[in-house]
1. What FRET efficiency comes out for the pair residue A:812/residue A:55, r = Cβ-Cβ distance, R0 = 56 Å, nearest 0.05?
2. Just checking the output field for B:15-28: average partner chain Cβ neighbours within 10 Å of each residue's Cβ?
3. Between residue A:182 and residue A:596, what length in nm is gained on full extension when 0.36 nm per residue of separation is reduced by their alpha carbon distance?
4. Which GluC sites (Glu not before Pro) in region A:63-149 pass both tests, a DSSP loop state and at most 10 other beta-carbon atoms within 10 Å?
5. Based on the Cβ-Cβ distance of residue A:102 and residue A:67, what FRET efficiency does E = 1/(1 + (r/R0)^6) give at R0 = 35 Å, to the nearest 0.05?
6. Starting from the Cα of residue A:698, step 7 Å along the direction of its Cβ; do the same at residue A:508; then give the gap between the two resulting points in nm.
7. Would you mind working out the accessible area per residue for the protein assembly as shown, using a 1.4 Å probe, and quoting it in Å²?
8. Which shape class, rounded, prolate or oblate, goes with region A:552-621 when its Cα gyration tensor gives a ≥ b ≥ c as root eigenvalues, a/c under 1.5 marks rounded, and past that a/b bigger than b/c marks prolate?
Amino acid sequence: MSKKTLIVVGNGMVGHHFLEQFTASPAAADYQILVFGEEPLVAYDRVHLSEYFAQATHADLALGTLEWYAEQGIDLHLDEQVTSIDRDSRKVITPKGSYRYDQLVLATGSYPFVPPIPGNDQEHCLVYRTLADLDQIRASANGGKTGVVVGGGLLGLEAANALKSLGVQAHVVEFAPRLMPVQLDADGGALLRSKIESLGVQVHTEKATTEIVAGEEARLRMNFSDGSHLETDLIVFSAGIRPQDTLARNCGLTIGERGGIVVNDQCATSDGAVYAIGECALWDNKIFGLVAPGYTMARTLSAVLNGDSSAAFAGADMSTKLKLLGVDVGSIGDAHGQTPGCRNIRFNDEASGIYRRLVISEDGKAVLGAILVGDNGPYDTLLQYALNGITLPDSPEVLILPESQGGAPALGPDALPDTASICSCHNVTKGDICCAIDAGATDLGAVKSATKASTGCGGCTALLKNVVDCELEKRGMEVSKDLCEHFPYTRQELFHLIKVNGIRTFRSLLRQHGVGHGGCDICKPAVASILASCWNEHILATDHVPLQDTNDTFMANMQKNGTYSIVPRVPGGEITPDKLIVLGEVAKKYDLYTKITGGQRIDLFGATLSELPLIWEELIAAGFETGHAYGKSLRTVKSCVGSTWCRYGVQDSVGMAIFLENRYKGLRSPHKLKMGVSGCTRECAEAQSKDIGVIATDKGWNLYVCGNGGMRPRHADLFATDLSDEELISAIDRVLMFYVRTADRLQRTSVWLENLEGGLDYLKQVVLEDSLGMGAELEQHMADIVGTYQCEWKTAVEDPEKRKRFREFVNAPEQKDPVQQWTQERDQRRPLLETETA
Amino acid sequence: MKPRTQWQAVCTVDDLVPDSGIAVWTEDGPVAIFYLPYHLPALFAISHTDPFSGSNVLARGITGYLKGQPVVASPLYKEHFNLRTGVCLEDENVKVKTYPVLLDGDLIRLEVPVASATKTPNAAVQAA
Ligand code: SRM
Ligand SMILES: Cc1cc2nc3c(=O)[nH]c(=O)nc-3n(C[C@H](O)[C@H](O)[C@H](O)COP(=O)(O)OP(=O)(O)OC[C@H]3O[C@@H](n4cnc5c(N)ncnc54)[C@H](O)[C@@H]3O)c2cc1C
Ligand code: SF4
Ligand code: FES
């Protein structure tokens with residue numbers, strides 16, 4: 001099937017977020033993606049744009065890298081503006097060419113509104129939106145003494161702060177009677193003004209500029225309608241934003257009365273092949289000038305393109321919390337108290353410079369909105385009351401009174417329901433955070449990287465920390481999960497430390513995070529296994545040799561008399577007569593006891609240490625590979641004969657079993673892994689007793705997970721049904737990698753699942769719905785492991801250094817081990833029992 | 001009565017595996033030599049025979065430290081043996097033989113009893 005083409009116009013915050021979501025989703029495989037960005041730089045964090053003045057570079061602010069785009073196979077055209085769209089032939093046109101699309105996403109953002117004042121187009125009249133704008137402002141401020149920001153809203157005050165930081169005297173000119181008219185009321189605005197003025201920024205309200213002309217003492221002069229004027233060296237317009245809908249308008253898409261590309265709940269425009277997300281999109285007659293709603297649209301669209309019929313954008317909360325010129329300002333919900341019948345409670349302390357207004361419902365039970373100036377302390381708590389409909393205490397005023405005046409302490413994170421939204425930018429709930437913690441994220445940083453919480457606007461940082469601390473503390477009460485006396489960490493934690501810090505040897509892990517200088521037989525193999533899961537180096541590499549269990553060291557299973565058994569891999573249990581003959585010949589030559597195992601392969605017993613490499617040389621020459629019967633890794637994938645021969649078979653179970661075995665062979669895991677593939681529901685391969693069980697259906701494959709035979713049998717759970725080959729592999733990749741990362745040492749998948757908080761449903765969310773957003777990473781990790789597979793035995797027999805290890809007695813090659821004594825039974829050799837030797 | 005001993009050269013430093021063990025054949029049977037490069041002394045020698053199974057496997061166990069003592073874990077049933085004293089941590093009544101070991105240039109030498117068959121008449125004299 002040839003791929004469809006998806007074109008994204010605009011490489012801003014929302015466009016990039018969309019690509020992150022979409023490339024990690026299954027549908028990405030069906031598309032060739034093209035992206036056009038008018039700016040010369042790869043998408044960056046506009047929210048933290050002002051940090052560019054404080055030494056940040058584009059690289060610091062960048063949301064992605066060119067390498068990332070290349071890895072995803074995205075064709076990224078930067079510095080290439082789309083100039084028109086031809087919807088009939090489905091093409092976008094740029095000065096460099098025209099490009100066909102099947103699906104088009106407009107993420108063109110918005111542009112700063114510049115009021116139509118005569119003279120507004122002169123040199124030193126600037127805007128504040130892009131890195132290029134900031135370069136111009138910096139250049140203009142250089143050599144200037146004063147700067148004016150037109151617009152006293154959120155962005156205007158931020159721009160004023162930037163001017164101040166560039167060393168110019170900053171003024172703010174606002175048309176409305178107060179600052180931040182959208183978010184604040186008169187009292188709040190007044191307090192903010194006094195605070196900002198005390199910081200040296202001059203505020204001029206109720207000023208309408210009539211013209212901008214050449215100045216006398218400075219470069220420019222602004223004349224106001226009241227006859228007054230102001231001289232300045234540069235002007236930054238920050239009088240609001242307008243959706244960038246020119247392309248859409250020109251190609252005849254439906255546009256809102258006051259601009260904005262009209263979209264429905266699925267982010268589709270009036271043309272079903274064209275979508276719009278972010279600040280250019282008009283939903284329910286609203287433009288959202290914040291990044292969080294744009295991200296939500298991006299996620300919605302990704303789900304829509306993946307065929308999720310339930311995906312719908314449902315609006316977004318516009319509450320904001322900022323520090324403007326060092327002054328806390330917060331605005332929540334219905335800040336202006338426009339809900340009929342609502343009640344207002346105000347707290348105004350001029351002395352300490354704190355203003356708080358609480359808008360509550362008529363029945364006094366719910367928070368509808370709030371305004372905070374001077375101290376955002378109660379913001380998180382109030383927002384949680386408002387968003388989650390938490391019932392107010394009897395005297396709601398305690399929520400806005402300072403604690404010294406009888407105010408209530410902040411709502412503890414414990415009081416929040418699991419559904420409470422903690423990070424609205426990335427749509428992370430308290431429940432998600434708990435899941436991430438349970439899955440092994442044991443500090444703030446790990447939770448951030450697992451959930452992305454607080455990596456957007458950053459407004460939720462404090463709340464996130466509270467929730468994480470509280471949840472960790474709760475879990476801290478649990479019994480010590482320390483691996484052993486050398487590592488005060490669980491296996492998961494060690495995995496994280498090793499992975500995140502790129503630690504490659506036991507020694508450096510011990511030095512950095514361990515106790516003492518030796519390790520032991522508990523931590524060494526556990527760490528060896530983690531190192532192998534992370535980096536997949538040869539287990540007998542010099543640094544790793546002393547860590548391995550004897551079976552891994554000698555890549556064979558030690559038997560009671562000190563000899564070894566050899567189990568070559570027989571993928572899926574399928575073996576040619578020629579290979580069978582080789583096994584027979586080798587067994588005969590070395591007098592090895594031969595047995596068919598319960599895993600559909602052949603075990604050869606009784607080899608001495610020094611015979612192992614000789615035997616493997618012969619097996620490798622005949623095309624055999626190691627079977628990892630010794631490793632905490634994939635053992636066998638048991639198959640039934642399937643549709644090729646069996647009259648009931650509906651899929652090629654042998655083919656799938658061989659594929660799975662070859663894919664996952666060599667993966668080091670917390671414990672051994674077994675799989676089974678049956679060709680129909682009669683289940684002759686006993687897949688439901690395996691860690692991973694696959695059963696054919698007439699539409700594809702049913703996947704079962706976390707079954708176990710052995711000491712405590714457990715039936716596998718049905719995980720997903722009617723999967724295609726690709727879906728099956730992606731689900732298995734994710735389940736296995738998640739297990740590898742989060743299980744305890746020597747914990748089979750069955751026990752792991754039983755101990756996993758949230759159980760099967762949680763595992764389904766992580767794997768099938770990608771609730772932790774780590775699906776792509778897990779698959780990539782698996783791809784790395786698969787890509788670095790080597791037959792350990794092959795590498796070992798070819799390396800004289802490694803072969804040295806297989807000497808029974810290093811100083812006496814001819815010496816036989818006297819305790820190994822043999823007898824014959826049923827025509828084969830077996831060890832003499834103790835009772836027989838005595 | 002101390003039997004007559006000799007310092008038998010059993011291998012060279014190249015044969016050692018850091019943080020792990022190798023087995024050598026001596027006049028006194030199989031001996032396991034461990035090399036712990038981060039420890040002083042760095043060389044230990046104990047019997048290669050696992051007292052619990054009777055098999056010659058101890059050199060193939062994992063080395064480590066428990067409660068500050070250098071140990072090896074038997075690869076068969078995982079009991080730990082103190083490399084200094086040979087005492088089993090799980091059962092103090094069980095003890096494997098230990099041997100003095102030294103580095104002589106590039107050679108590793110073990111102090112082992114002179115096997116009875118090769119005993120010279122002097123042995124009796126010395127013992128007396
Ligand atoms: C050879 C074989 C028995 C046979 O002759 O059929 C076998 C032999 C051993 N099994 Fe097994 N198991 C063998 C199939 C099984 C099966 C059946 C299967 O895989 O279909 C099971 C139950 C299924 C399961 O694992 O869920 C099985 C459950 C165990 C267990 C218990 C695991 C558990 O979760 O309860 C152990 C102990 C352990 O791993 O901790 C074990 C451990 C062992 C060890 C490794 C014990 C040891 O440490 O020496 C045996 C090593 C034999 C050797 O030297 O090769 N063996 N063992 C089978 C090798 C299959 C293969 O081709 O790789
Ligand atoms: C200084 C500043 C501070 C902010 N602070 C906050 C904050 O604290 N919290 C918050 O939530 N939000 C904040 N915002 C708003 C936030 O940055 C936006 O909501 C967000 O960037 C919107 O993302 P977007 O992708 O829709 O638009 P953009 O990020 O603007 O991206 C649109 C991109 O499309 C490109 N483009 C447009 N037309 C074309 C074309 N024809 N061809 C090719 N490319 C085109 C543009 O060049 C641009 O790169 C702030 C914005 C600024 C400027
Ligand atoms: S069932 Fe027990 S005895 Fe039999 S092979 Fe498995 S572990 Fe060994
Ligand atoms: S709310 Fe914006 S980063 Fe969390």
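1. So, using R0 = 56 Å, E works out to roughly 0.25.
2. Details: counts 4, 1, 7, 4, 9, 6, 1, 6, 10, 7, 10, 3, 0, 0.
Per residue, the average neighbour count from other chains is 5.
3. The residue A:182-residue A:596 span can extend by a further 141.3 nm.
4. Qualifying residues, ordered by number: A:123.
5. Numbers: r = 27 Å, r/R0 = 0.76.
So the FRET efficiency works out to roughly 0.85.
6. For residue A:698 paired with residue A:508, the spin-label model returns 5.7 nm.
7. On a per-residue basis, the protein assembly as shown sits at 43 Å².
8. Details: a/c = 1.68, a/b = 1.38, b/c = 1.22.
Judged from the Cα gyration tensor, region A:552-621 comes out prolate (a/c at least 1.5, a/b above b/c).
The values are calculated or read from the model by the stated rules, or taken from the named source; none is laboratory data. Predicted, not measured: the structure shown is a model, and the values here were computed from it. When we count neighbours, we look across all protein chains shown, and the Cβ atoms used for this are built from the backbone with ideal geometry, even at glycine. Side chains included, ligands, DNA and RNA excluded: accessible areas come from the protein's heavy atoms. Shrake-Rupley method; radii C 1.70, N 1.55, O 1.52, S 1.80 Å.
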